[in-house]
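Note sheet for the following structure.
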Amino acid sequence: MKTPVILFWFRRDLRLDDNGGLYQALKNASASGLSVQPLFIFDTTILDALTSRADKRVVFIHQAIERLQKELVSFGSTLDVRHGEPLAVFKALMDEYDVQAVYANRDYEPDARARDKLIYDYLGTQGVAFRAFKDHVVFEKNEVMKADGQPYTVFTPYSKKWLSLLNDFYLRSYPTISYIEAVHRQAERPIPTLQQLQFEPMNVTFPTKMLDLGVLDVYAEQRDYPALSATSRLGVHLRFGTVSIRQVASYAQVRSSVFLNELIWRDFYQMILWHHPQLVNQSFKPIYDQIVWRNQSSDFSKWCAGQTGYPLVDAGMRELNETGFMHNRVRMVVASFLTKHLLIDWRWGERYFAQKLLDYDLAANNGGWQWAAGCGCDAAPYFRVFNPTLQMKKFDPNGDYVRRWLPEFGTKDYPEPMVEHGMARERCLQTYAQALKNN
Ligand code: FAD
C-alpha cells in the first residue's frame, strides 16, 4: 500500500533550516498523521535552454542537492530527485505516491508562475491541493503598497514604507527541525550525476554561505570599491535559497542599515516583476523602446570579451567571464557603457549576464539593466552617462582591481579605447533625445 504523503517541492529554497513552506508542510503533516516527502526536479525546460553544458550554476545546485540529501538521510528520509518536465514528473509521482497535497515556496518570475499554474491545474483535476508560501523575500506582492493601494514604482518611498512595516514577525525563523519527525522515511534514492544531466562536472569554489559580520561593519564605507572584499558575496546563496533572507536581514537590521537597504532593493525588484511581468521584454517606460540602438555585433563581442580599451569595463567583464561574479559598482559601469557608449540594446547585455552570472536573478538583473539604460522604474536620468575613466579614478584609484583581471594593462598589448568618451556621450544623448521627441 502507498503511504499518504505531502510532497514538498524544493525550488529556489535549497535548505532545510528556516524554510517557510517546508515548515508548514511538516507542521501540517505532523498534525494530521501524514509525512512529508521532499522533492527536487532538475527541470529540463530550464536546463535545455542554458547555452553552455559547463554551467557553474548547475554545479552549484547539484552540490546543494547533495547536501540536502545528506541531511535528509541523517533523518531516515531521502530527497526524491527527478529529471524532466515538471508536469510529466508530477503525473509519474501521482502513480508512485498517495499524494495528499503539494507544498512549495513561491517563485515570482513569469515563467515560474506559468509552470506553477500548470501544476496547480493538473493537481486540481486529481483533487490534490497545491499550496505555496512566502519564503524568498521579506515582503512580497501587495504587502508594501502606497496609501492609494497601488504598488510603488519609486524605490525611496517604497523602502521607507518597507522599513515602517518591518517587525519581528516578518523576520522570525521557521524552526523546521522541531517537526522533522514528520519527514517521510524511505531508503536513500540516487541523485542523477551531472553527466546524466548532460552537464560537465567542474571544479568550482563558491563563495561561503556564512555571512561575514566584519563585512557588515565596513560595508557602508567600502562597498563601492571593487578591489576590497567589502560585500557579502551572498548573491548566489540568496538566489538559490541556500541561506534564508530572514536570517540575513535580521543581521543587517542590527549591524548595517546600508546593507539592509540593498536587501530592500532585492524585494523591490521582485515586487516590480510580480506586478509588471511584461518587463521581461519591455522597458518600464515604453517610450524608451523607441530608441534606435546601433546594435553592432562587433562592438558587442569586444564588450563581452573585455576588449573595449576602458580598463574598469574590461576588468569587470573578465572577472565575470572567469568567475561568474562582478562587483555591483562595476556592473553599473559595464551596463552603462554597453547601452550608452555603444548604444546596444540593454536586452543584449541582460541576456549575456543571464548566461554568466552565478547570482543571476531575473528580477534584479532586469531591474539593474533597465536602471543603467535609463528606461526602468526609478532609473538614473538618461542624460547621466557614467565616465568609465572617472569611475576608475574614483573607485579603483590605485588600479588594484583592474590589474587583478587585466595582466596586460599598461603594456602595448592593451587596446586603445574603442570609442572616445566625449563623442559617445554626445551620440547617446542625441539618440535618446530623438526617441523621446518622437513621442
Ligand atoms: P552585497 O552588496 O553584499 O548585497 C547583499 C545582497 O543584496 C545581494 O547578494 C543581493 O541579493 C542583494 N542586492 C544587492 N544589491 C542589489 C540590487 N541593486 N538589486 C537587487 N538586489 C541587490 N543582483 C542579483 O542578485 N542578481 C542579478 O542578476 C543581478 N544583476 C545585476 C545587473 C546589473 C546591471 C546591476 C547594476 C546589478 C545587478 N544585481 C544583481 C545587483 C547587485 O549588483 C548584486 O546583487 C551584487 O553585486 C551581488 O554581490 P553581493 O552578494 O556581494 O552583494
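Mind giving me the FRET efficiency for L50 and M145? R0 is 45 Å, r the Cβ-Cβ distance, nearest 0.05 is fine.
For L50 and M145, the calculated efficiency is 0.80.
Nearest 500 deg cm²/dmol is fine: what mean residue ellipticity at 222 nm does the chain get from its DSSP H runs of n ≥ 4 alone, each adding -39,500 (n - 2.57), divided by its residue count?
-14500 deg cm²/dmol
Can you figure out the FRET efficiency of L163 with E96, using R₀ = 51 Å and their beta-carbon distance, to the nearest 0.05?
The computed FRET efficiency comes out at 0.60.
Compute the FRET efficiency between T3 and I177 as 1/(1 + (r/R0)^6), taking r as their Cβ-Cβ distance and R0 = 25 Å, and round to the nearest 0.05.
0.70
Along Cα→Cβ, 7 Å out, is where each label goes; now give me the distance between the ones at T389 and F409 in nm to one decimal.
Those two pseudo-labels are separated by 1.6 nm.
Can you give me the C-alpha center-to-center distance between the stretch 1-50 and the stretch 201-223, rounded to a whole angstrom?
Cα centres, the stretch 1-50 to the stretch 201-223: 29 Å.
Please sort 249-260, 181-192 by packing, taking for each peptide the average over its residues of neighbouring beta carbons within 10 angstrom, highest first.
Answer by packing, highest mean first, reads 249-260, 181-192.
Less than 11 Å from a label point 7 Å out along the Cα-to-Cβ axis of Y122: which backbone N atoms in the stretch 181-221 qualify, by residue?
none
Which value results when the Cα radius of gyration for the stretch 286-438 is divided by 2.2 N^0.38 Å?
The stretch 286-438 yields a ratio of 0.99.
Stretched out fully, how many nm does the piece from R351 to R131 gain, at 0.36 nm a residue minus the Cα gap?
76.0 nm
Counting every Cα pair in the chain, what percent are over 28 Å apart?
Roughly 54 percent, rounded to a whole number.
To the nearest Å, what is the center-to-center distance of the stretch 377-439 and the stretch 229-271, using C-alpha atoms only?
Result: 28 Å between the Cα centres.
Which entries in K117/K285; K70/K134; K161/K437 show an alpha-carbon gap greater than 32 Å?
Cα-Cα > 32 Å for K161/K437; rest within.
For the peptides 423-434, 139-150, what is the packing order when you average, over each peptide's residues, the other Cβ atoms within 10 Å and list the highest mean first? Don't skip to the answer; put the middle values down first.
Details: 423-434: 15.5, 139-150: 13.4.
Top of the packing list down: 423-434, 139-150.
I'd like to know which of V36, P201, N281 lies farthest towards the positive end of the charge dipole of the chain, counting +1 on Cβ of Lys and Arg and -1 on Cβ of Asp and Glu.
Farthest along the dipole direction, towards plus: N281.
Take S74 and D111, extend 7 Å from each Cα along the Cα→Cβ direction, and tell me the distance between the two endpoints in nm.
Going from the S74 label point to the D111 one covers 3.4 nm.
Across every pair of different alpha-carbon atoms, what Kirkwood hydrodynamic radius in Å does the stretch 72-155 reach? Present the calculation step by step, with values, prior to reporting the outcome.
On the way: mean 1/r = 0.0646 Å⁻¹.
In the stretch 72-155 this quantity evaluates to 15.5 Å.
Suppose each label sits 7 Å from its Cα in the direction of the beta carbon; what would the E426-Q63 distance come out to in nanometres?
Spacing of the two 7 Å Cα→Cβ label points: 5.0 nm.
Which number comes out as Rg/Rh for the stretch 18-67 once both Rg and the Kirkwood Rh are worked out on C-alpha atoms? All intermediate terms of the calculation are to be shown ahead of the outcome.
On the way: Rg = 15.4 Å, Rh = 13.4 Å.
Over the Cα atoms of the stretch 18-67, Rg/Rh equals 1.15.
Give, in nm to one decimal, the length gained when the segment between Q290 and V154 is fully stretched (0.36 nm per residue of separation minus the Cα-Cα distance).
Stretched fully, the Q290-V154 segment lengthens by 46.7 nm.
Give, in nm to one decimal, the length gained when the segment between K437 and N281 is fully stretched (0.36 nm per residue of separation minus the Cα-Cα distance).
The span from K437 to N281 would gain 53.9 nm if fully extended.
Where a number appears in this text, it was derived from the coordinates with a stated rule and is not lab data. None of the values given here were measured: they were computed from a predicted structure. Virtual Cβ from ideal backbone geometry, glycine too; neighbours counted across all protein chains shown.
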